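Peer 1: Just passing along the structure, written as structure tokens.
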Amino acid sequence: MTDDTRTPVLVVGGGPAGLAAAAELAWHGVRCVLVEPRTEISHRRPRAKTTSIRTMEHLRRWGAADALRAAAPLPVAWSQRVTFCESLYGRRITDFDGAFGLTTARDDRFAEPGQQVPQPVVEEVLRGYLRCQPGVDLRLGHTATDLTQDPQGVTVRVRAGADPAYLIRARYVLGCDGASGIVRDQAGARYEGRHDLRPNFNLVFRAPSLDTHLGPAVQYWVVGAARDATSGLIGRLDLAGTWWAILPGVEAAFGTEHAGELITGLVGAQVDHEVLATDPWAARMLVADRFADRRVFLVGESAHVNPPFGGHGFNTCVGDAVNLAWKIAAVEQGWAPPGLLASYEPERRGVAEATVASAESNNRLLADVLPRDEAVIRRAKRAEFHSLGLVLGYSYAGSPVIQPGERPAPDVTSFTPSAEPRAGPAADVTMYTPSAEPGARLPHCWLPDGSSLYDHLGRGFTLVGPVGSAAGGVEDLVRRARRRGIPLALAEAPTSYPWRDEFLLVRPDQHIAWRAGDPAGIDLETAAGFAPGL
Ligand SMILES: Cc1cc2nc3c(=O)[nH]c(=O)nc-3n(C[C@H](O)[C@H](O)[C@H](O)COP(=O)(O)OP(=O)(O)OC[C@H]3O[C@@H](n4cnc5c(N)ncnc54)[C@H](O)[C@@H]3O)c2cc1C
């Protein structure tokens with residue numbers, strides 16, 4: 001066995017979290033090795049279908065958003081709707097339009113609309129993207145088996161098929177190996193939380209002749225069926241006759257034996273079909289008790305797991321990856337100290353907990369318990385389909401590398417790691433009010449030339465504001481940045497921007513680190529992690 005690979009960063013796992021981490025590292029020009037056991041990506045287990053506005057904004061930054069949209073079998077223009085009905089052939093109860101951030105209109109609040117696209121397609125597009133990045137060594141068919149840490153780095157044992165195991169030596173290891181990976185245990189972390197005892201049963205089937213008078217929708221919720229009839233979610237995976245379905249409350253053995261009847265129940269009539277795959281699963285609400293151990297970090301589902309309703313799971317994983325990867329890049333490039341990495345967990349734990357709490361709330365009222373009552377459905381399900389407050393409104397306020405200030409009261413309910421869920425209603429995640437408070441995502445706007453404000457941000461920090469008209473203070477900040485070697489770009493705020501008279505120090509992940517009326521008041525060093533005690 002030889003120590004035959006040395007790399008700044010080893011990414012263990014090539015699901016959405018690992019692929020996004022490698023993409024962010026590549027974007028900053030930092031080399032990494034990614035090991036992933038799956039050589040092929042199966043389309044039989046589509047899992048996530050919702051790529052959020054925020055994930056699409058990250059893909060836009062990497063230059064991969066158009067490739068994902070081109071590969072997505074359901075264009076945004078095809079439908080932006082979720083329909084509740086008695087069956088695909090039955091009565092429409094109500095529609096939620098503009099669900100999951102889907103829109104064909106330009107909206108000042110974001111740079112990209114959401115996209116419905118099966119997770120395997122996202123993974124294929126990201127693999128393709130990474131293959132074109134010279135700094136990424138994508139090792140498919142390779143599995144990490146164990147790791148050891150010392151003050152200088154981490155040594156990871158890796159197996160590839162029947163070949164002898166080999167070692168990878170990395171300065172940092174990102175555990176992107178999902179809920180059943182090895183890194184969480186090896187980092188001494190464990191999940192806290194609870195499991196939903198109700199079973200769910202997923203189906204993927206082909207039915208080219210199946211259509212519905214209800215018109216295009218990305219999800220059809222068949223609700224309120226009488227006892228012994230079928231309730232569940234159903235939708236198209238593509239426009240060529242492949243469908244998915246989720247049947248809440250259905251045990252695996254029953255689902256496997258009665259798949260045809262379940263499809264008939266959702267459709268409302270018999271339809272020619274071929275079952276391609278079945279997948280039983282149960283919802284889990286879990287957050288790890290720690291997200292890091294020295295040079296090893298948990299990213300994505302290795303750190304937290306939430307029910308899929310609301311479509312947040314993989315998007316939160318991508319958010320973790322971006323948050324950590326730019327910081328590692330800054331440390332590797334020498335313009336931030338290793339202490340910056342200590343801000344990863346405080347910044348991402350709150351987001352993970354809010355996401356788990358919201359998804360758990362969505363998971364309480366599924367198709368099998370919802371009545372055929374429009375008012376009840378609209379009240380119960382609005383937050384599941386319109387959750388911009390969660391997708392865009394999360395904040396890193398309170399982080400040691402964010403300007404201190406009045407910490408805003410959390411506007412979303414947090415997860416409690418006990419065995420019992422918190423009593424009472426979930427907070428409203430539907431409200432998103434753009435905010436320039438430190439910690440918030442930079443409020444977006446479109447510029448007169450049609451570009452996004454985000455297109456003008458640098459790969460390091462960016463000072464957004466009236467940079468042309470405040471020469472002295474800006475020059476001083478630029479000088480301070482140069483002395484420290486901190487990359488700092490300047491972006492003039494457009495005249496229509498509500499915060500155009502202020503100076504906003506924006507991080508590589510588009511979050512505001514500091515806000516000041518004068519650049520002299522910006523503590524660039526603290527934002528980059530140089531504050532003592534980190
Ligand atoms: C039915 C269903 C529907 C869902 N719908 C949505 C949705 O609409 N939107 C959404 O955002 N999310 C959704 N999710 C959740 C989403 O699928 C997960 O959140 C996401 O896959 C987690 O990404 P990850 O990269 O953290 O982990 P994973 O996707 O689990 O990836 C982990 C990777 O690590 C690899 N690995 C494991 N062990 C090792 C090892 N020892 N060495 C190296 N590699 C290893 C695995 O092969 C795998 O590729 C859904 C999930 C389910 C079950």
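The values are calculated or read from the model by the stated rules, or taken from the named source; none is laboratory data. All figures in this text were calculated on a predicted structure; none of them were measured in a lab. Using ideal geometry, Cβ is built from the backbone for each residue, glycine included, and neighbour counts are taken over all protein chains shown. Protein only, heavy atoms only, side chains kept; ligands, DNA and RNA dropped before computing areas. Shrake-Rupley method; radii C 1.70, N 1.55, O 1.52, S 1.80 Å.
Peer 1: Which number in (1) of a type in the set (Lys, Arg); (2) modelled with pLDDT under 95; (3) not in a loop (DSSP other than H, G, I, E, B) marks the one condition that Arg171 misses?
Peer 2: Every condition holds for Arg171 apart from (2).
Peer 1: Now, a different point. Are any of the residues in the stretch 203-215 within 16 Å of the ligand (Cβ to nearest atom), touching a residue at least 40 places away in the same chain (Cβ under 8 Å) and part of a loop (DSSP other than H, G, I, E, B)? Step through it out loud before you land on a result.
Peer 2: Restricting attention to the stretch 203-215, the residues satisfying the condition of being within 16 Å of the ligand (Cβ to nearest atom) are 203-205.
Next, from what is left, pick out any that are touching a residue at least 40 places away in the same chain (Cβ under 8 Å): 203-205.
When the remaining residues are screened for being part of a loop (DSSP other than H, G, I, E, B), the result is none.
The answer is no, given that none of the residues of the stretch 203-215 is within 16 Å of the ligand (Cβ to nearest atom), touching a residue at least 40 places away in the same chain (Cβ under 8 Å) and part of a loop (DSSP other than H, G, I, E, B).
Peer 1: Would it be correct to say that Phe314 is in contact with a helix residue (DSSP H, G or I) (Cβ under 9 Å, 6 or more places away or on another chain), near the ligand (Cβ under 9 Å from one of its atoms), in a loop (DSSP other than H, G, I, E, B) and hydrophobic (A, V, I, L, M, F, W, C)?
Peer 2: Numbers: in contact with a helix residue (DSSP H, G or I) (Cβ under 9 Å, 6 or more places away or on another chain): yes; near the ligand (Cβ under 9 Å from one of its atoms): yes; in a loop (DSSP other than H, G, I, E, B): no; hydrophobic (A, V, I, L, M, F, W, C): yes.
Considered against the rule, which asks whether it is in contact with a helix residue (DSSP H, G or I) (Cβ under 9 Å, 6 or more places away or on another chain), near the ligand (Cβ under 9 Å from one of its atoms), in a loop (DSSP other than H, G, I, E, B) and hydrophobic (A, V, I, L, M, F, W, C), Phe314 comes out as no.
Peer 1: Name the residues in the stretch 338-371 that are of a type in the set (Lys, Arg), modelled with pLDDT of 95 or more and surrounded by fewer than 23 Cβ atoms within 10 Å (Cβ to Cβ), would you? Let's see the steps before the verdict.
Peer 2: So in the stretch 338-371, the residues of a type in the set (Lys, Arg) come out as 348-349, 364.
Subset that is modelled with pLDDT of 95 or more: 348-349.
Arg349, the sole residue that qualifies.
Peer 1: Take Tyr191 and tell me if it is of a type in the set (Phe, Trp, Tyr) and either within 11 Å of the ligand (Cβ to nearest atom) or more than 29 Å from Asn315 (Cα to Cα) (or both). Spell out the reasoning first.
Peer 2: Numbers: of a type in the set (Phe, Trp, Tyr): yes; either within 11 Å of the ligand (Cβ to nearest atom) or more than 29 Å from Asn315 (Cα to Cα) (or both): no.
Answer is no for this residue.
Peer 1: Same structure, new question: Any residue that is touching a Pro at 6+ places or on another chain (Cβ under 7 Å), within 11 Å of the ligand (Cβ to nearest atom), in contact (Cβ under 8 Å) with a residue 60 or more places away in the chain and not β-branched (Val, Ile, Thr) - is there at least one of those in the stretch 36-46? It would help to see each step written out before you state the result.
Peer 2: Looking only at the stretch 36-46, we keep the residues that are touching a Pro at 6+ places or on another chain (Cβ under 7 Å), and these are 41-43, 46.
Those left that are additionally within 11 Å of the ligand (Cβ to nearest atom): 41-42, 46.
If we keep only those that are in contact (Cβ under 8 Å) with a residue 60 or more places away in the chain as well, we get 41-42, 46.
Checking the rest, the ones that are also not β-branched (Val, Ile, Thr) come to 42, 46.
Within the stretch 36-46, one or more residues are touching a Pro at 6+ places or on another chain (Cβ under 7 Å), within 11 Å of the ligand (Cβ to nearest atom), in contact (Cβ under 8 Å) with a residue 60 or more places away in the chain and not β-branched (Val, Ile, Thr).
Peer 1: Kindly list the number of the only condition in (1) at pLDDT 60 or above; (2) closer than 24 Å to Pro308 by Cβ; (3) over 18 Å from the mean Cα position of the chain (by Cα) that fails for Thr433.
Peer 2: Failed condition: (2).
Peer 1: If you don't mind, there's one more thing I want to ask. List pairs: first residue in the stretch 160-176 and among the β-branched types (Val, Ile, Thr), second residue surrounded by fewer than 16 Cβ atoms within 10 Å (Cβ to Cβ) and at pLDDT 95 or above anywhere in the structure, Cβ distance under 8 angstrom, at least six positions apart or on different chains.
Peer 2: Listed pairs, sorted by first residue: Ile168/Arg6.
Peer 1: State yes or no: is Glu86 open to solvent by 30 Å² or more (accessible area, probe 1.4 Å) and either in contact with a helix residue (DSSP H, G or I) (Cβ under 8 Å, 6 or more places away or on another chain) or modelled with pLDDT under 95 (or both)? I'd like the intermediate steps shown before the answer.
Peer 2: On the way: open to solvent by 30 Å² or more (accessible area, probe 1.4 Å): yes; either in contact with a helix residue (DSSP H, G or I) (Cβ under 8 Å, 6 or more places away or on another chain) or modelled with pLDDT under 95 (or both): no.
So Glu86 does not fit the description; no.
Peer 1: For residues in the stretch 152-167 being within 31 Å of the chain's Cα centre (by Cα) and open to solvent by 80 Å² or more (accessible area, probe 1.4 Å), which is nearest to the ligand (Cβ to nearest atom)? I'd like the intermediate steps shown before the answer.
Peer 2: Within the stretch 152-167, the first condition is being within 31 Å of the chain's Cα centre (by Cα), and the residues that meet it are 152-161, 167.
Then keep just the ones that are open to solvent by 80 Å² or more (accessible area, probe 1.4 Å); that gives 152, 159.
On the way: Gln152: 22, Arg159: 9 Å.
Here the residue is Arg159.
Peer 1: Looking at the structure I just gave you, is Pro519 more than 24 Å from Tyr344 (Cβ to Cβ) and open to solvent by less than 20 Å² (accessible area, probe 1.4 Å)?
Peer 2: Numbers: more than 24 Å from Tyr344 (Cβ to Cβ): yes; open to solvent by less than 20 Å² (accessible area, probe 1.4 Å): yes.
Considered against the rule, which asks whether it is more than 24 Å from Tyr344 (Cβ to Cβ) and open to solvent by less than 20 Å² (accessible area, probe 1.4 Å), Pro519 comes out as yes.
Peer 1: Kindly indicate whether any position in the stretch 434-453 is of a type in the set (Phe, Trp, Tyr) and crowded, with 20+ Cβ neighbours inside 10 Å.
Peer 2: We begin by selecting, within the stretch 434-453, every residue of a type in the set (Phe, Trp, Tyr); these are 446.
From the residues that got through so far, the ones that are crowded, with 20+ Cβ neighbours inside 10 Å too are none.
No: the stretch 434-453 contains no residue that is of a type in the set (Phe, Trp, Tyr) and crowded, with 20+ Cβ neighbours inside 10 Å.
Peer 1: Determine which single condition Ala67 fails, assuming it passes every other condition in (1) within 16 Å of the ligand (Cβ to nearest atom); (2) part of a helix (DSSP H, G or I); (3) closer than 30 Å to Pro8 by Cβ.
Peer 2: (1)
Peer 1: State the number of residues belonging to the stretch 53-85 that are of a type in the set (Val, Ile, Thr) and within 17 Å of the chain's Cα centre (by Cα).
Peer 2: So the count comes out to 2.
Peer 1: A further question on this structure: Against the condition farther than 21 Å from Gly389 by Cα, under 28 Å from the mean Cα position of the chain (by Cα) and open to solvent by 10 Å² or more (accessible area, probe 1.4 Å), how does Leu505 come out, does it pass? Even if it seems obvious, please write down each step before you answer.
Peer 2: Details: farther than 21 Å from Gly389 by Cα: yes; under 28 Å from the mean Cα position of the chain (by Cα): yes; open to solvent by 10 Å² or more (accessible area, probe 1.4 Å): no.
Here the answer is no, as Leu505 does not meet what is asked.
Peer 1: For the stretch 270-284, indicate whether the set of residues that are in contact (Cβ under 8 Å) with a residue 24 or more places away in the chain, buried (at least 24 other Cβ atoms within 10 Å of the Cβ) and aliphatic (A, V, I, L, M) is non-empty.
Peer 2: no
Peer 1: Additional query: How many residues are part of a helix (DSSP H, G or I) and free of Cβ contacts under 8 Å to residues at least 40 places away in the same chain when one looks only at the stretch 70-82? Give the steps one after another, and end with the answer.
Peer 2: Step one: of the stretch 70-82, the residues part of a helix (DSSP H, G or I) are 70-71, 76-78.
Checking which are free of Cβ contacts under 8 Å to residues at least 40 places away in the same chain leaves us with 70, 77.
Within the stretch 70-82, residues that are part of a helix (DSSP H, G or I) and free of Cβ contacts under 8 Å to residues at least 40 places away in the same chain number 2.
Peer 1: Could you list, in sequence order, all residues of the stretch 179-235 that are within 30 Å of Arg159 (Cα to Cα) and basic (Lys, Arg)?
Peer 2: Arg184, Arg190
Peer 1: In addition: Please indicate, with yes or no, whether at least one residue in the stretch 51-60 is in a helix (DSSP H, G or I), of a type outside the set (A, V, I, L, M, F, W, C), over 24 Å from Phe309 (Cβ atoms) and open to solvent by 10 Å² or more (accessible area, probe 1.4 Å).
Peer 2: Kept after step one, since they are in a helix (DSSP H, G or I), are these residues of the stretch 51-60: 53-60.
Filter again for of a type outside the set (A, V, I, L, M, F, W, C), leaving 54-55, 57-58, 60.
From the residues that got through so far, the ones that are over 24 Å from Phe309 (Cβ atoms) too are 60.
Then keep just the ones that are open to solvent by 10 Å² or more (accessible area, probe 1.4 Å); that gives 60.
So far as the stretch 51-60 goes, yes, one or more of its residues are in a helix (DSSP H, G or I), of a type outside the set (A, V, I, L, M, F, W, C), over 24 Å from Phe309 (Cβ atoms) and open to solvent by 10 Å² or more (accessible area, probe 1.4 Å).
Peer 1: Next up: Identify, please: which residue in the stretch 14-29 is assigned to a loop (DSSP other than H, G, I, E, B) and open to solvent by 10 Å² or more (accessible area, probe 1.4 Å) and is, among those, farthest from the ligand (Cβ to nearest atom)?
Peer 2: Only one residue fits best here, namely Gly29.
Peer 1: Every residue in the stretch 129-145 that is more than 11 Å from the ligand (Cβ to nearest atom) and open to solvent by 30 Å² or more (accessible area, probe 1.4 Å), please. I'd like the intermediate steps shown before the answer.
Peer 2: Kept after step one, since they are more than 11 Å from the ligand (Cβ to nearest atom), are these residues of the stretch 129-145: 129-138.
Of everything in the stretch 129-145, those that are more than 11 Å from the ligand (Cβ to nearest atom) and open to solvent by 30 Å² or more (accessible area, probe 1.4 Å) turn out to be Tyr129, Arg131, Cys132, Gln133, Pro134, Asp137, Leu138.
Peer 1: Among the residues of the stretch 32-50, write down those that are open to solvent by less than 60 Å² (accessible area, probe 1.4 Å), within 17 Å of Phe201 (Cα to Cα) and out of contact with any strand residue (DSSP E or B) (no Cβ under 7 Å at 6 or more places or on another chain). Reasoning before the result, please.
Peer 2: Going through the stretch 32-50, the residues open to solvent by less than 60 Å² (accessible area, probe 1.4 Å) turn out to be 32-36, 41, 46, 48-50.
Applying the additional criterion that residues be within 17 Å of Phe201 (Cα to Cα) yields 46, 48-49.
Scanning the stretch 32-50 gives a single hit, Ala48.
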